[in-house]
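Here's the structure, in structure tokens; my notes come after.
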Amino acid sequence: MHVENFKIFSDLVDSQSFSRAAKLNSITQSAVSQQLRAMEKHFNILIVDRSQKQFRLTREGHKLYDSAKEIIYLYDKLSSELQEMKKIISGTIHISTVYSIGLHELPPYIKKFMSIYPDVNVRVEYRRANMVYEDILTNSIDLGLIAYPQKHKQLEVLPFHDDELILACNPEHPFAHAGEVDIQELNKQKIIGFEPDIPTRKATDKIFKDSNIDIDLVMEFDNVETVKRAVEINAGIAIIPKTTVIREQAQGLLKVVTFKNQTYNRPLALIHRKGRVQTPAMKKLIELLTNKKLEAETSV
């Protein structure tokens, strides 16, 4: 048995999906099945209870899984410690995040990081918020960046920074030249919103509810880019993060309006799985993302 065998098996159990385990290890589903059968033959045990419709480990399978996790942890810990001893900062870091953060918050940090550590490859995947959590919990991604972080016993949550929510509207909208509006003025307005399960949508729903505002929700989208396109054609107005509309504001495509006597902040956070071994490269990136000095520089 090699470490790779235990890694494939561990990914299979964590995801309970042969296709997901195959993707994580760049092999075919057939290869994952073959690895499972090879482990059963090697240890002369039944690992998966095939009498059940759902993926379920046998008692021996649970024991093998626990031991496999320990073996992988010790191997990763050794590799990380050897890299640190040799002062090597290299490898690949996988980040999972939503569009608004990945396209508008993350780039200056990645640019800075790559200039310092050119031997590190940073890959960013754009996912729905709930999938970012799943990616981290199944160990398919190294780090996640999310808005309105949720507590989880298996996750470490590190504050990134707060982003301001503003009102975006078409330059021809009556609010366009106001500069600021009272939240009550949004009553009966046509609103472009995010889909109901998206954290920022839940936050805006709470804003409307707390203010006893009755809005006319005309469109719903799953990412901020399509929300902005709808606002550009004057289909309605939208409450979105301020950093996501900088380009459109500069080009005169959208107007940014703030709220009178009120600021609504959107907390952003970095998440990773507790107990997972961090490579030297991951440690450096976490330090950079939580560095308030760089945050101040990128906001200028």
* Could you please find all residues in segment 227-277 being of a type in the set (S, T, N, Q), under 24 Å from the mean Cα position of the chain (by Cα) and under 16 Å from Cys169 (Cβ atoms)? => Thr244
* Asked: Of the residues that make up segment 160-176, is at least one surrounded by fewer than 15 Cβ atoms within 10 Å (Cβ to Cβ), over 30 Å from Lys274 (Cβ atoms), in contact with a strand residue (DSSP E or B) (Cβ under 8 Å, 6 or more places away or on another chain) and not basic (Lys, Arg)?
  -> yes
* To do: Taking the options Ile192, Ile166, Ile239, Ile213, name whichever one is at pLDDT below 95 and more than 23 Å from Tyr133 (Cβ to Cβ).
  => Ile213
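Report whether or not Asp135 is in contact with a Leu (Cβ under 9 Å, 6 or more places away or on another chain), crowded, with 18+ Cβ neighbours inside 10 Å and modelled with pLDDT under 95.
no
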* Asked: Restricting attention to segment 7-54, which residues are modelled with pLDDT under 90, within 22 Å of Ile141 (Cα to Cα) and assigned to a loop (DSSP other than H, G, I, E, B)?
  -> Gln16, Ser17, Asn25, Ser26
* Within segment 79-169, helices (runs of 4 or more DSSP H) holding 1 or more residues that are under 27 Å from Gln16 (Cβ atoms) and of a type in the set (Asp, Glu) -> 129-137
* Which listed residue, of Lys41, Lys7, Lys63, Lys53, is surrounded by 14 or more Cβ atoms within 10 Å (Cβ to Cβ) and more than 28 Å from His94 (Cα to Cα) -> Lys63
* Asked: Do we have any residue at all in segment 219-226 that's assigned to a loop (DSSP other than H, G, I, E, B) and either in contact with an Asp or Glu (Cβ under 8 Å, 6 or more places away or on another chain) or of a type in the set (Val, Ile, Thr) (or both)?
  -> yes
* Asked: Do we have Ile71 as of a type outside the set (Ser, Thr, Tyr), part of a loop (DSSP other than H, G, I, E, B) and surrounded by fewer than 18 Cβ atoms within 10 Å (Cβ to Cβ) here?
  -> no
* Asked: Which residues, counting only those in segment 25-38, are surrounded by 14 or more Cβ atoms within 10 Å (Cβ to Cβ) and of a type in the set (Ser, Thr, Tyr)?
  -> Ser33
* Collect the residues in segment 82-127 that are small (Gly, Ala, Ser) and surrounded by fewer than 16 Cβ atoms within 10 Å (Cβ to Cβ), keeping them in residue-number order. => Ser90, Ser115
* Using beta carbons and a limit of 6 Å, which pairs, at least six apart or on different chains, have the first residue in segment 268-292 and more than 27 Å from Ile240 (Cβ to Cβ) and the second one basic (Lys, Arg)? -> Val277/Lys77
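The values are calculated or read from the model by the stated rules, or taken from the named source; none is laboratory data. All values reported here derive from a predicted model rather than from experimental measurement. Using ideal geometry, Cβ is built from the backbone for each residue, glycine included, and neighbour counts are taken over all protein chains shown.
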